[in-house]
1. For the stretch B:1-80, what D do you get in µm² per second when you plug the Kirkwood radius from alpha-carbon pairs into Stokes-Einstein at 37 °C and 0.692 mPa s?
2. For A:76-89, what's the mean count of beta carbons from other chains sitting within 10 Å of each residue's beta carbon?
3. Measuring nothing but label to label, 7 Å from Cα along Cα→Cβ, what are B:Ile28's distances to the other copies in nm, shortest first?
4. What are the residues whose amide H is under 5 Å from the amide H of B:Ser33, where those residues sit 5 or more places off or on another chain and H is modelled from the backbone?
5. Could you line up A:Glu69, A:Glu90 from fewest to most neighbouring Cβ atoms inside 10 Å?
6. How far apart are the A:Gly67 label points across copies, placing each 7 Å from Cα toward Cβ, in nm, shortest first?
There are 2 protein chains.
Amino acid sequence: MVTTSHHAPDIFGAISHPARRRMLDLLIDTDRSVNMIAGQFEMSRPAVSQHLRILLDAGLVTEQRHGRERRYRLVAARLAPVRDWLTHYERFWDHHLMQLQQHLAKDNRK
Amino acid sequence: MVTTSHHAPDIFGAISHPARRRMLDLLIDTDRSVNMIAGQFEMSRPAVSQHLRILLDAGLVTEQRHGRERRYRLVAARLAPVRDWLTHYERFWDHHLMQLQQHLAKDNRK
DNA sequence: TTGACTCGTAAGCATTGCCTTACGTATATT
DNA sequence: AATATACGTAAGGCAATGCTTACGAGTCAA
């Protein structure tokens, strides 16, 4: 079973805490159980659970139950609002993405 | 005189509040005084000042005094930590872009 | 110099955030 | 059936956040 949340998806709030960003980072490679994640942090396991709940509410992770474990999986697409917001600022510093944009625009013209 | 802050630069925390993101957005075009910014928000002017202070502490804006005004200027380069963090997730974007490209390619074939 | 304007800061207050420990529930193991 | 494991949730403490109103300092204009 896969559970997603129906709460207010405050993406920016969710990634504002360093621990939660690290948790997302951990999930880049692979799904992980709560204990696997909690092992990387100083805080108590319930605290980790609460952080994961916030990530779940933001839709940044999904939860799937395997026996008595719950494995969390990254939903990177949910970071799109952050990326999209940043694109407003691209022209100030970015040559990379400008080049990419031009590249894609050129591709579309083909 | 240009003032920058010497406090802990919590970029992610600074952009976690919608009002502060909107303030940054307003500064994309041009520098603005506090009143110009406050005019765009429901909250009191001191509240706006406090938000600007947080942006200043994060280094996301600078402040320069012109007569009795203080004009705030965007420092977009300070968003680099956000952009850099997002790059860890780039390969997921690429995957999406590839899907998009495939989707578009399919449309073109129709 | 008097008064208006721009703005930051202080103080107070309600709400939220983040942590802890204690406990409950579901699943697996013996 | 009894116990261990994995995990969420409740409750509570305490700091941080986010707002308000009141006030004060600096600047401009009459």
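1. On the way: Rh = 12.4 Å.
Using the Kirkwood radius from Cα pairs, D works out to 265 µm²/s.
2. Numbers: counts 9, 5, 1, 6, 4, 0, 7, 6, 0, 6, 6, 1, 6, 11.
Partner Cβ neighbours, averaged per residue: 5.
3. 2.6
4. Sorted by chain and number, the residues that satisfy this are B:Tyr72.
5. A:Glu69, A:Glu90
6. So the distances to the same position in the other copies read 7.4 nm.
Read the figures in this text as sums done on the coordinates, not as results from a lab. Keep in mind it's a predicted model, so treat the numbers as computed, not measured. For neighbour counting, all protein chains shown are included, and Cβ atoms are generated from backbone atoms with ideal geometry for every residue, glycine included.
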